[in-house]
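Accompanying notes for the structure given below.
Readers should treat all values here as calculations from the given coordinates under stated rules, not as data from a laboratory. Worth saying up front: this structure is predicted, and the values here are computed from it rather than measured. When we count neighbours, we look across all protein chains shown, and the Cβ atoms used for this are built from the backbone with ideal geometry, even at glycine.
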There are 2 protein chains.
Amino acid sequence: MDALKSKIKELGNVLPGNILKVDAFLNHQVDPTLMMEMGQDFADRYANNQISKVLTLEVSGIAMALTTANALGVPMIFAKKIQSLTLDDEVFVAQVYSYTKETTYDIRVDKRFLNPEDNVLIIDDFLANGEALKGLIELVEQSGANVGGIGIAIEKTFQEGGKKVREMGYPIYSQARIKSLTDGKVEFDEDLDA
Amino acid sequence: MDALKSKIKELGNVLPGNILKVDAFLNHQVDPTLMMEMGQDFADRYANNQISKVLTLEVSGIAMALTTANALGVPMIFAKKIQSLTLDDEVFVAQVYSYTKETTYDIRVDKRFLNPEDNVLIIDDFLANGEALKGLIELVEQSGANVGGIGIAIEKTFQEGGKKVREMGYPIYSQARIKSLTDGKVEFDEDLDA
């Protein structure tokens, strides 16, 4: 998706450890025009999939999930990150391992908001190891709903998450696919048609 | 704002302790159409104020701050909640006391994103005791920017936050003003022209 790739080239910042900092337009300061374009792009991609809900994970996925849901005319749900392991019958819960923080946390969605009739489009900002995405898929499966599609803003194709989730049989559309962040330089993966 | 008040009447849930649960359309499941309308309403209200940035606090303010910023054609920034008290020269920091959690946490904005030239519209979902709002005002003042306006989705006018912040000289526009949640019933404050 050209608008996102241009913005990454212009304002993205590569830090040691294969980190791409996008806080100037995506996850701290947010460019609303770009978010509207990204939402429309995700919606166009999944326009024929009868999506009934858009699901994301707080915090950084919310803006683009909202614009996607608006373009599709369906509700958006953001799963909540909870550190404590309290039991609660009224929520679907999945565990997510964070490689950066070396810790496991819970993600939760109230059972009222996902039903077996739902066809869910999962949206998230980054896909690297795929742990958060697998947690979101698990929440959908617990509810009996169907994963109708997955939309990712920035996929690091040099990490394993995308490959693993595609091998599980889920379609993923990534708007910007990055194959290398070596030497502080962003190299896009133009070949992979995800 | 009628669309928000209708939604509160239809889907809001009053819990003991003066809590209004709006997780069916605002802060867990989110109604994108309502968010677009709320953003347009905030933007209309402050259309002549030369707003250059919209500032909110993660998590629940993000959706409506994004649509407001989109309608105004300016960037949106969400302040981050951080529990640890690490020093960092590159951020503006304010402390916020949470009455519900009985704890103090930091909110932060990277110094790159607020400048003395900025005229900032602060957006948040709830105004009750006003602690979060005062923290956001403090971040703007630290940067040397001006608070060009404040927009709140739901103000509990039976709590002190709105009064205190108005007495500090800041204009507040609240889309739904609630004067009582007694006996599980939402009573709107129609008189107060904030």
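Which ones in segment A:42-58 are in a loop (DSSP other than H, G, I, E, B), away from chain B (no Cβ under 11 Å) and surrounded by fewer than 21 Cβ atoms within 10 Å (Cβ to Cβ)? Before you say what the answer is, go through the steps one by one.
Quick first cut of segment A:42-58, residues in a loop (DSSP other than H, G, I, E, B) only: A:46-52, A:58.
Within this subset, residues satisfying the condition of being away from chain B (no Cβ under 11 Å) are A:46-52.
A:Ala47, A:Asn48, A:Asn49, A:Gln50, A:Ser52, listed by residue number.
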Exercise for the section: Report yes if some residue within segment A:126-147 is without any contact (Cβ under 8 Å) to a residue 60 or more places away in the chain, in contact with a Phe, Trp or Tyr (Cβ under 6 Å, 6 or more places away or on another chain), polar (S, T, N, Q) and within 22 Å of B:Glu58 (Cα to Cα); otherwise report no. Expected result: no
Handout entry: Test for A:Ile150: is it touching a residue at least 12 places away in the same chain (Cβ under 8 Å), in contact with a Phe, Trp or Tyr (Cβ under 8 Å, 6 or more places away or on another chain), surrounded by 20 or more Cβ atoms within 10 Å (Cβ to Cβ) and within 14 Å of another protein chain (Cβ to nearest Cβ)
Key = no
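Per-residue answers, yes or no, for (1) part of a helix (DSSP H, G or I); (2) at the interface with chain A (Cβ under 10 Å from one of its Cβ atoms):
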{"site": "B:Gly17", "(1), (2)": "no, no"}
{"site": "B:Asp23", "(1), (2)": "no, yes"}
{"site": "B:Thr33", "(1), (2)": "yes, yes"}
{"site": "B:Ser60", "(1), (2)": "no, yes"}
Practice task
Consider B:Asp89 carefully, then state whether it is over 25 Å from B:Gly169 (Cα atoms) and either within 12 Å of chain A (Cβ to nearest Cβ) or of a type outside the set (Phe, Trp, Tyr) (or both).
Solution key: yes
Exercise for the section: At least 2 residues that are more than 30 Å from A:Leu11 (Cα to Cα) in each: list the strands (runs of 3 or more DSSP E) lying fully within segment B:64-176 that qualify. Expected result: B:91-98, B:103-110, B:119-127, B:146-156
